[in-house]
Each structure stands twice: as structure tokens, then as C-alpha cells.
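> Take this structure, written in C-alpha cells, and hold onto it; I'll ask about it next.
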Amino acid sequence: EVLQPYLIPFLYSLPDHGQQYQIAEDNLGVHCSALTTNFYRTHDITKLKWLARSSDMYPVENVWHMLKL
């Protein structure tokens, strides 16, 4: 519902039709689902390898405890 109408036109608007770029997503279930994985594979979209639950990769995670006080 989101990838086809928004991501594909955006990628085709980039130089080289987005072929030299990678998608960066976290490991949220919807980002790793079979449906999403197949969509990326079908459209030859490369996904950046991302570590699960790495606070180094998500700087804002280090601030949440301060905001909750």
C-alpha cells in the first residue's frame, strides 16, 4: 500500500533510477515480512543490512530514558 505508490516513483526520480542506492529500515516486523522482502526482490531494490536492537544505530534510543523521567 505504501511502497508501490510512493517508493517506486521516488526511486525512479533519482539518478540511475535508484539503482546505486540502498533502503535503510530497522528490523520492525513489517520491514522484514515476506511480503516486503518479495517486493524488494521483485523490484531489484537493495536493503541495507541493519543490526537488530543496536543502540549505536539508533542514537535517539539513548535519550528515551531521560525523556521518561
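Computed from the coordinates by the stated procedures, all read-outs in this text should not be read as laboratory data. Predicted, not measured: the structure shown is a model, and the values here were computed from it. When we count neighbours, we look across all protein chains shown, and the Cβ atoms used for this are built from the backbone with ideal geometry, even at glycine.
> Are there any trypsin sites (Lys or Arg not before Pro) in the range 1-49 that are in a DSSP loop and have at most 10 other Cβ atoms within 10 Å? List them by number.
Values: sites: ARG41, LYS47, LYS49; in loops: LYS49.
Sparse-neighbourhood loop trypsin sites (Lys or Arg not before Pro): LYS49.
> How large is ³J(HN,Hα) for each residue in the range 3-16, as worked out from phi by the Karplus curve 6.51 cos²θ - 1.76 cosθ + 1.60 (θ = phi - 60°), to whole Hz, x for Gly and Pro?
3J(HN,Hα) across the range 3-16, in whole Hz: 5, 4, x, 10, 6, 4, x, 5, 4, 6, 7, 7, x, 6.
> Right, next: List the residues whose amide H sits under 5 Å from the amide H of ILE23, counting only those 5 or more places along or on another chain, with H placed 1.01 Å from N in the peptide plane.
Placed amide hydrogens put THR46, LYS47, LEU48 under 5 Å from ILE23.
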